[in-house]
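J.: Dropping a structure here in structure tokens format, bear with me for questions.
FYI, it's all coordinate maths here, none of it is from the lab. Note that this is a predicted model, so its numbers are computed, not measured. Here the Cβ positions follow ideal geometry from the backbone for every residue, glycine too, while neighbour counts run over all protein chains shown.
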Amino acid sequence: MVLRIESGDSDVCSECWDKAVLFAAGTDPYVLMEEAVIVAAECSGTAKPLRAKTLPPTLDSFGWCSWDSFYSTVSAQGLDDAVRGLRAQGTPPRWVVIDDGWQCTQVDAAYRDDPLKAFRRGNGEESSTNSRESFVEGEFEALELAARGIPAAGSAGAMLREVRSSLDPEGAPPIDAEMMALQKTGGLATGEEGRRGRHLWRRPFVISLTLDLLGYVGGRITGFFSFLLIMFYQNVVDPAPTGSWPARLWTWAALRSLREPLVQFMADSTNFTRRLTSVRANSKFSSPRARPEDVSSGAPADLASVVSHLRSVHGVAWVVCWHALSAYWSGVSWESPGMARYAPRLVYGAPTPGVAEVEPSAAWNPAVLGGVGWVGDMGALFEDMHAYLAAAGVAGVKVDAQAGVGFVGHASGGGAAAAARAHAALEASIAVHFPANLAVNCMCHSTENIYAWEGTALARVSDDFYPTDASTHRPHVAACAFNSLFFSGVAHPDWDMFQSEHRAAALHAAARAVSGGPVYVSDSPGRHCVPLLKRLVLPDGGVLRALRPGRPTRDSLFLDVCCDARSCLKVWNLNPRGGVLAAFNLQGSAWDWGRRRYRTHEAAPPPLPARAAVWDVEPYRGAPSGDRFAMHVDGAEGVLVVDAAGGVDLQVPSESVDLFVGGGAVMVTVAPVVTSPDGQVSAAPLGLANMLNCGGAVRDFHWQTSPENGRPAAPQLSVEVRGCGTLLAYCSREPGRAYAQGVQTNWWWKEGRLEVSVPQGDGASTQTVVIAF
């Protein structure tokens with residue numbers, strides 16, 4: 001065993017550690033992990049057990065997040081369009097996350113637009129809000145950006161398309177270049193509208209033509225060399241091993257001759273060098289109808305009116321706003337007068353040797369090349385920001401980029417010390433301004449963050465959902481399941497958003513249904529798979545959330561479910577009166593440690609066998625073998641009754657066009673069979689067959705007897721059902737009648753399978769269904 005301990009600060013050294021490694025042993029892996037993580041947290045930080053924390057109120061409702069819909073072009077109008085569209089489909093979101101793009105940010109003066117471009121925008125001065133808010137999600141968008149200056153018909157253009165196609169076999173949708181350009185130039189109008197604009201600089205024709213020709217030629221040359229540089233990086237530097245000559249050469253160049261061009265590229269193309277200039281929202285939130293192009297309007301922000309509109313018009317109960325742990329990706333602006341009270345200073349990040357060994361690109365990331373505006377008074381910053389948000393009606397925050405705080409630790413006592421101070425300030429402010437504890441920890445997997453969560457109870461347990469990278473979706477589900485095993489001692493796992501119309505949507509939907517975590521999407525307005533959404537979302541915006549964090553079954557814990565070509569991942573969870581299992585075929589793509597990216601090594605893996613057993617649901621592991629359970633496979637016609645040691649054999653496809661099967665996943669509902677007091681009938685309510693987590697709809701059930709016309713009492717099964725649709729149950733004999741909320745309803749029975757029609761009702765959250773025999 002080799003142990004590496006790094007403080008992150010060369011001035012913080014020691015030769016002895018009282019507590020460095022925790023060993024724990026036990027026979028229950030889930031209890032063992034929870035208790036071990038809690039003890040480690042007590043030794044290492046301030047984190048409290050999850051069982052001692054308050055869960056956010058959003059968990060049992062459907063949500064929507066702006067990120068993959070709009071990226072940084074999010075606006076008040078975009079929020080309205082997205083929520084309105086989901087409501088129209090009968091799947092209303094009850095909570096909304098306004099992700100990156102609502103804040104006032106700016107790059108350092110040295111990297112802003114040149115004076116000529118500013119003059120063309122108007123009066124030659126930067127807007128008081130944001131002049132640019134574009135975002136490059138990843139390498140595909142970076143390649144597309146480089147390609148803008150390369151003629152598509154040329155050999156370089158053809159080569160670029162070929163490379164891009166090989167990197168993304170599914171094909172990525174084009175980014176909204178026009179809207180990105182509007183925000184990058186502060187809202188410069190184009191086309192006929194632009195020609196009529198009263199703020200445009202009217203140049204003499206000869207000067208205009210000359211500048212345009214120079215820009216065209218220069219753009220082609222610059223674009224071609226940008227393309228070559230990106231190709232060299234992607235194909236030579238990125239896959240190079242740690243310590244190899246390409247990695248050493250690029251590190252040397254990035255910190256010297258390439259530093260300025262790289263920072264300029266990031267400033268022009270991404271958010272990662274931008275810094276916070278105000279705790280207030282930008283002009284895209286000046287009214288409920290403000291649009292992306294209003295970013296440079298100079299209109300004062302009115303976030304309260306935007307939040308009020310979402311609540312009063314669309315029934316949104318909770319609005320959450322994003323920010324980074326360091327305020328923004330590159331901290332706060334050390335040049336902005338509005339930030340002076342927080343005592344900012346520019347700190348150039350430095351990865352520890354261990355981080356640089358695992359991820360060589362950490363040596364040239366934005367925090368290293370451009371620095372981070374780190375504040376001396378984090379408490380005052382969070383207090384002001386959160387007070388502003390709370391006054392506007394915002395109910396909570398999503399706190400991103402937590403692992404990056406360790407990069408600034410080399411100048412302030414080490415990464416763990418810097419993270420501890422930041423989290424102490426953050427959690428103190430959240431406790432005051434967001435008493436419902438609605439806070440999401442995000443991109444936070446370094447232990448100095450995990451062990452600092454004293455009060456916050458929710459944490460993202462995965463890398464992002466990447467719509468354009470087809471190789472990420474199977475590893476995403478695997479990471480969520482295995483990380484939940486570790487995280488669940490101190491935080492409730494959040495498996496991230498997804499998009500319902502995506503090719504991998506069925507896989508992600510099944511994963512969210514068994515996760516026990518929040519269910520939310522980032523659908524663009526008008527782009528929804530309604531049948532799939534209705535398998536997750538109830539008409540009132542509720543979701544059938546399982547009770548615990550979803551975790552791998554015992555027989556999945558030590559399997560390579562992405563690369564061994566034979567193993568499925570099984571995830572278990574518990575419902576109020578039953579259990580749920582999901583079997584995932586995730587073979588075919590995984591993280592490539594050599595290239596340090598996700599890679600598809602088998603595009604279409606074959607179906608795999610799996611066995612779903614009653615004992616896979618941990619609370620049933622100790623059940624006597626004579627106990628009986630009903631099992632139902634989603635989409636199957638029959639209901640199987642087995643003893644506690646039994647199960648059902650499955651064939652799990654790698655993907656499917658049939659969203660009702662759940663491509664890449666099979667879901668199984670497990671429910672104990674109970675016998676009526678007179679011994680005449682055995683039954684097991686399984687849940688709503690039209691929902692992915694079928695059993696989550698059964699909140700409770702019990703037997704009752706009711707004498708009728710002087711005859712002996714006949715058994716009746718009373719079931720409390722959340723939602724509407726088709727109630728599925730196992731019944732040993734055919735019933736005589738069925739009622740929903742006291743009104744007789746339709747039912748159907750054959751060979752033990754009973755289906756009862758449950759109408760939507762009058763809006764009550766639960767309904768009583770009585771099955772009379």
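J.: Could you go through the range 407-413 in sequence order and give the Karplus-derived ³J(HN,Hα) for each residue, using 6.51 cos²θ - 1.76 cosθ + 1.60 with θ = phi - 60°, rounded to whole Hz, and x for Gly and Pro?
T.: 5, 8, x, 5, 10, 8, x
J.: List every residue whose amide H lies under 5 Å from the amide H of residue 573, counting only residues 5 or more places away in sequence or on a different chain, with H placed 1.01 Å from N in the peptide plane.
T.: The answer is 580.
J.: Right, here's the next one. Between residue 555 and residue 718, how high is the FRET efficiency from 1/(1 + (r/R0)^6) when r is the Cβ-Cβ distance and R₀ = 56 Å? Nearest 0.05.
T.: 0.95
J.: Could you work out the percent of alpha carbon pairs in the range 675-773 separated by over 23 Å, rounded to a whole number?
T.: The answer is 19 percent, as a whole percent.
J.: Quote the charge dipole size of the range 675-773 about the Cα centre in Debye, to the nearest 20; the model charges only the Cβ of Lys and Arg (+1) and of Asp and Glu (-1).
T.: 100
J.: For residue 32 and residue 432, compute 0.36 nm times the residue count separating them, minus their Cα-Cα distance, and round to one decimal in nm.
T.: Going from the current span to full extension adds 140.6 nm.
J.: Also, quick follow-up: Which whole-number percent of Cα pairs in the range 597-699 have a distance greater than 19 Å?
T.: Within the range 597-699, distances greater than 19 Å cover 52 percent of Cα pairs.
J.: Using mean Cβ contacts within 10 Å as the protection proxy, how do 732-739, 254-261, 75-82, 331-338 order, highest first?
T.: 75-82, 331-338, 732-739, 254-261
J.: Quote the charge dipole size of the range 453-610 about the Cα centre in Debye, to the nearest 20; the model charges only the Cβ of Lys and Arg (+1) and of Asp and Glu (-1).
T.: 300
J.: So if I place +1 on the C-beta of Lys and Arg and -1 on the C-beta of Asp and Glu, and nothing else carries charge, what would the dipole magnitude of the range 377-457 be about its Cα centre? I want it in debye, nearest 20.
T.: The calculation lands at about 120 debye.
J.: Additional query: Please list the non-local residues whose amide H lies under 5 Å from the amide H of residue 501, H modeled 1.01 Å from N, same-chain partners needing a gap of 5 or more.
T.: Long-range HN contacts for residue 501: 529.
J.: Can you run the Rg to Rh ratio on the range 510-560? Use alpha carbon positions and the Kirkwood inverse-distance Rh.
T.: 1.08
J.: Can you list the HN-Hα couplings for the range 689-697, worked out from phi with the Karplus curve (6.51, -1.76, 1.60; θ = phi - 60°), rounded to whole Hz and with x for Gly and Pro?
T.: 5, 7, 10, 5, 8, 3, x, x, 7
J.: Could you line up 242, 73, 270 from fewest to most neighbouring Cβ atoms inside 10 Å?
T.: 242, 270, 73
J.: Here is the link list: 19/570; 53/398; 534/570. Which ones come out longer than 26 Å on Cα distance?
T.: Where the Cα-Cα span goes over 26 Å, the pairs concerned are 19/570.
J.: Each residue of the range 531-545 in order: what ³J(HN,Hα) in whole Hz does its phi give by Karplus 6.51 cos²θ - 1.76 cosθ + 1.60, θ = phi - 60°, with x for Gly and Pro?
T.: x, 5, 4, 6, 7, 10, 10, 7, x, 8, x, x, 10, 8, 7
J.: Compute the distance in nm between two label points, each set 7 Å from the Cα along the Cα-to-Cβ direction, one at residue 737 and one at residue 308.
T.: 5.2
J.: How much length would be gained if the chain were fully extended between residue 225 and residue 317, taking 0.36 nm per residue of separation minus their Cα-Cα distance, in nm to one decimal?
T.: That pair, residue 225 and residue 317, stretches by 28.1 nm at full extension.
J.: What ranking of 398, 284, 19, 53 emerges when the number of other C-beta atoms within 10 Å of each C-beta is taken as an exposure proxy, fewest first?
T.: With the sparsest Cβ surroundings first, the list reads 19, 53, 398, 284.
J.: Now, a different point. May I ask you to sort 551, 599 by Cβ crowding, counting other Cβ atoms within 10 Å and putting the fewest first?
T.: The order, fewest Cβ neighbours first, is 599, 551.
J.: Stick to Cα atoms and the Kirkwood definition of Rh, then tell me Rg/Rh for the range 383-501.
T.: Rg/Rh for the range 383-501 comes to 1.00.
J.: Okay, moving on. Label-point separation (nm) for residue 746 and residue 15, each offset 7 Å from Cα along Cα-to-Cβ?
T.: With each label point 7 Å from Cα toward Cβ, the separation is 8.2 nm.
J.: What FRET efficiency would be calculated for the residue pair residue 601, residue 704, taking the C-beta separation as r and a Förster radius of 60 Å, to the nearest 0.05?
T.: The formula returns an efficiency of 0.60 here.
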